[in-house]
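The values are calculated or read from the model by the stated rules, or taken from the named source; none is laboratory data. Treat the numbers as computed from the prediction; the structure is a model and nothing was measured. Reconstructed Cβ throughout: ideal geometry from the backbone, glycine too, with neighbour counts over all protein chains shown. Quick note on the areas: whole protein, heavy atoms, side chains included, nothing else; ligands and nucleic acids left out. Shrake-Rupley method; radii C 1.70, N 1.55, O 1.52, S 1.80 Å.
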Amino acid sequence: MQVGKLPTDQLSQLLTGRLGTPRPDVLLAPGIGEDSGIVDFGDEVCVVSTDPITGSVTNGGWLAVHVSCNDVAANGGEPVGIQLALLWPSGSDSSALRKVMDDAHRACDELGIAILGGHTEVLSSIQDPIIVCTALGRCPKDKYVTSTGQRVGDTVLLVKAVGLEGSAILALEHGDQLGNVPDDLIAAAKGYLGEISIVKEALAARDAGVTAMHDVTEGGLYGACLELVQASGKGIRLYQEQVPIRPATRAICRELGLDPLGLISSGALLVTTADPDSVVAAVQACGSEVSPIGEVMETPSLQLVQADGSVRGLSGFYEDELWRWLRTQRG
């Protein structure tokens with residue numbers, strides 16, 4: 001198996017028949033394109049999501065909290081707290097664990113949420129640290145959002161821009177291979193890491209009226225759109241020229257031969273809505289940019305209308321441009 005998220009066909013096979021006992025209070029069970037579970041608690045629902053951070057632990061605790069809370073918010077949940085599982089290789093310096101907890105505490109302070117518990121263990125069977133974060137949120141029962149709600153004719157919006165996380169990772173960890181990218185753009189890309197959270201934007205969009213939301217992570221915009229298509233059975237038509245790409249992202253991707261629309265993009269939020277004006281106004285009131293980039297269509301496929309007017313079809317699983325590039329660097 002390749003590094004990265006499990007391809008959707010393999011994930012679907014893995015899940016089929018292995019989801020435990022169905023319960024009427026489980027309102028959203030695991031499925032392609034769904035990053036959270038939703039449980040009925042009367043007037044409110046509990047939204048819960050889990051994500052790992054592996055390999056590098058630079059800002060690992062901070063990133064783990066924000067990525068997990070993004071998933072909860074994309075389903076309409078207001079994060080309340082997190083649990084952390086820290087699995088550490090033997091021989092590590094304990095100061096690294098303290099740094100992770102300092103970072104997690106900082107992220108929780110930024111979001112106004114609590115650390116609820118977790119587990120910490122040192123193992124001889126792993127070589128790199130593993131941070132697993134589970135976020136819990138709450139939401140009025142009539143306001144939770146899934147990836148299956150979009151309707152034909154809905155406008156597709158993108159909050160912020162593509163490639164934010166990928167640009168930051170490349171600038172922070174592979175700057176020596178970006179020799180032709182100006183220093184001011186490298187500095188700008190490093191700063192994108194501070195924009196990872198989409199919690200306030202997702203909750204504002206929820207209240208303004210959305211049909212579906214999905215945070216844009218591995219596989220970039222392509223991956224997020226394909227997951228929405230597979231979840232809903234509806235198609236998406238994207239217009240390449242309307243997708244916001246910041247100058248630093250464009251320069252880094254040009255230097256390394258990457259497609260910015262396929263680059264890991266935590267910090268961006270994909271939204272479908274029948275009332276784009278209201279959602280745009282709500283997100284802009286949070287201080288974030290938001291752009292119409294396409295529409296929902298009947299045919300369950302992903303179409304990219306390119307700059308020259310030609311249409312490119314995408315299907316199946318899209319490998320993230322960052323992982324693809326890293327694989328080529330290893331030979």
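Couple of notes before you dig in:
- Candidate set: region 294-331, residues that are charged (D, E, K, R) and assigned to a helix (DSSP H, G or I); chosen: the one least open to solvent (accessible area, probe 1.4 Å): Glu321
- Some residue of region 90-102 being open to solvent by less than 70 Å² (accessible area, probe 1.4 Å), closer than 30 Å to Gln284 by Cα and not hydroxyl-bearing (Ser, Thr, Tyr): no
- Criterion: surrounded by 22 or more Cβ atoms within 10 Å (Cβ to Cβ), under 22 Å from Ile82 (Cβ atoms) and among the charged types (D, E, K, R) - qualifying residue of Glu195, Glu165: Glu165
- The single condition among (1) open to solvent by 10 Å² or more (accessible area, probe 1.4 Å); (2) in contact with a strand residue (DSSP E or B) (Cβ under 7 Å, 6 or more places away or on another chain); (3) not aliphatic (A, V, I, L, M) that Tyr222 does not meet is (1).
- For region 304-314, the criterion of being within 20 Å of the chain's Cα centre (by Cα), under 21 Å from Glu218 (Cβ atoms) and modelled with pLDDT under 95 is met by at least one residue.
- Unique match (being within 23 Å of Ile196 (Cα to Cα), open to solvent by 30 Å² or more (accessible area, probe 1.4 Å), among the hydroxyl-bearing types (Ser, Thr, Tyr) and touching a helix residue (DSSP H, G or I) at 6+ places or on another chain (Cβ under 8 Å)) among Thr120, Thr134, Thr155, Thr146: Thr134
- Ser288, sole failed condition from (1) over 16 Å from Gln150 (Cα atoms); (2) surrounded by 15 or more Cβ atoms within 10 Å (Cβ to Cβ); (3) touching a Pro at 6+ places or on another chain (Cβ under 7 Å): (3)
- Criterion applied to Pro30, Pro22, Pro52 was being of a type outside the set (A, V, I, L, M, F, W, C) and under 21 Å from Leu170 (Cβ atoms), and the one residue passing it is Pro52.
- Among the residues of region 11-20, at least one is over 23 Å from Trp323 (Cα atoms) and either open to solvent by less than 50 Å² (accessible area, probe 1.4 Å) or outside any loop (DSSP other than H, G, I, E, B) (or both).
- Residue that is least open to solvent (accessible area, probe 1.4 Å), among those in region 22-35 that are assigned to a loop (DSSP other than H, G, I, E, B) and modelled with pLDDT under 95: Gly33
Yes or no, residue by residue, for (1) under 22 Å from Thr273 (Cα atoms); (2) part of a helix (DSSP H, G or I):
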| position | (1), (2) |
| --- | --- |
| Ala171 | no, yes |
| Asp176 | no, yes |
| Val181 | no, no |
| Leu185 | no, yes |
| Leu193 | no, yes |
| Gly223 | yes, yes |
| Leu228 | yes, yes |
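- Enumeration of residues in region 225-275 that are farther than 15 Å from Val159 by Cα, buried (at least 17 other Cβ atoms within 10 Å of the Cβ) and touching a Cys at 6+ places or on another chain (Cβ under 8 Å): Ile236, Pro260, Leu263
- Condition met for Cys69 (more than 17 Å from the chain's Cα centre (by Cα) and open to solvent by less than 60 Å² (accessible area, probe 1.4 Å)): no
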